[in-house]
Ligand code: IMP
């Protein structure tokens, strides 16, 4: 297998700073509950919240749609729900990547009748080539081509999340 660098550590850092500033401006004066979708979003979320100049609370949701391979099963399992009541709070859902859109759609449905003041989506990556659902991404770091990518939180069969850059994963030698 081979890994080819696609988004450098420097490029990611700069874009996350920009996104943090944009989010801070949009929510100015408001408290936000940032909800990370586990496992993939934890590195992006950790960097993003440190670029946000806002009162922030952090929660996590666990969802998975992939097995050990590189294609989504379309069957989204929620294995960890929020521990806090989000009614009357602004919620910012943080995803690693929107691919088919099935995960974000399932999470929005899960949160829809909990009376949040607002629910917005912030995704690190978006792969429009494989989108199956009508989803709105309010904040996006990078739109990418149809590659299977790893690093900066994203995995292949549980590996490579710790890489500081995003790489294209392939079976080639
Ligand atoms: P979706 O439900 O198809 O939008 O996929 C969402 C989830 O699939 C993401 O949160 C990732 O965990 C995983 N995923 C989709 N594309 C990739 C990829 O290129 N690399 C690693 N994980 C991916």
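Return the residue satisfying two criteria in turn: it lies in the range 131-145 and is within 9 Å of the ligand (Cβ to nearest atom) and in contact with a helix residue (DSSP H, G or I) (Cβ under 8 Å, 6 or more places away or on another chain), and of such residues it is nearest to residue 4 (Cα to Cα).
In this case the residue turns out to be 132.
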| said: It is to be established whether one or more residues within the range 134-149 are over 25 Å from residue 14 (Cα atoms) and either in contact with a strand residue (DSSP E or B) (Cβ under 6 Å, 6 or more places away or on another chain) or outside any strand (DSSP E or B) (or both). | reply: yes
| How many of the residues making up the range 114-130 are near the ligand (Cβ under 8 Å from one of its atoms) and either outside any loop (DSSP other than H, G, I, E, B) or farther than 21 Å from residue 38 by Cβ (or both)? | 2
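Out of curiosity, is residue 5 part of a strand (DSSP E or B), touching a residue at least 24 places away in the same chain (Cβ under 8 Å) and closer than 15 Å to residue 166 by Cβ?
Working: part of a strand (DSSP E or B): yes; touching a residue at least 24 places away in the same chain (Cβ under 8 Å): yes; closer than 15 Å to residue 166 by Cβ: yes.
Here the answer is yes, as residue 5 does meet what is asked.
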| request: Those residues that are loosely packed, with under 15 Cβ neighbours inside 10 Å and in contact with a helix residue (DSSP H, G or I) (Cβ under 6 Å, 6 or more places away or on another chain), I need them from the range 1-53; list them, please. | output: 53
| said: So, residue 107, is that one surrounded by fewer than 21 Cβ atoms within 10 Å (Cβ to Cβ), touching a residue at least 40 places away in the same chain (Cβ under 8 Å), under 17 Å from the mean Cα position of the chain (by Cα) and farther than 24 Å from residue 167 by Cα or not? | reply: yes
| query | Could you say whether any residue in the range 102-121 is at pLDDT 95 or above, closer than 17 Å to residue 46 by Cα and touching a strand residue (DSSP E or B) at 6+ places or on another chain (Cβ under 8 Å)? | reply | yes
| So is residue 43 over 18 Å from residue 138 (Cβ atoms), within 16 Å of the ligand (Cβ to nearest atom) and either in contact with a strand residue (DSSP E or B) (Cβ under 8 Å, 6 or more places away or on another chain) or at pLDDT 95 or above (or both) or not? | yes
| field | First in the range 138-149 and in contact (Cβ under 8 Å) with a residue 12 or more places away in the chain and over 23 Å from residue 23 (Cβ atoms), second anywhere and near the ligand (Cβ under 8 Å from one of its atoms) and not in a strand (DSSP E or B), Cβ under 7 Å, 6 or more apart | value | 146/127; 146/130; 148/70
| said: If I ask for residues that are out of contact with any helix residue (DSSP H, G or I) (no Cβ under 7 Å at 6 or more places or on another chain), more than 11 Å from the ligand (Cβ to nearest atom) and either free of Cβ contacts under 8 Å to residues at least 40 places away in the same chain or in a loop (DSSP other than H, G, I, E, B) (or both), which ones from the range 159-173 would you list? | reply: 162, 163, 171, 172, 173
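Select from the range 71-99 the residues that are under 13 Å from the mean Cα position of the chain (by Cα) and within 13 Å of the ligand (Cβ to nearest atom) and write down the one among them that is farthest from residue 39 (Cα to Cα). If you could, list the steps in order and put the result at the bottom.
Kept after step one, since they are under 13 Å from the mean Cα position of the chain (by Cα), are these residues of the range 71-99: 92-99.
Subsequent filtering for residues that are within 13 Å of the ligand (Cβ to nearest atom) retains 93-99.
Details: 93: 13, 94: 11, 95: 9, 96: 9, 97: 11, 98: 14, 99: 15 Å.
The qualifying residue farthest from residue 39 (Cα to Cα) is 99.
The values are calculated or read from the model by the stated rules, or taken from the named source; none is laboratory data. Keep in mind the model is a prediction, meaning the values are calculated, not measured. Glycine gets a Cβ as well: all are built from the backbone with ideal geometry, and neighbour counts include every protein chain shown.
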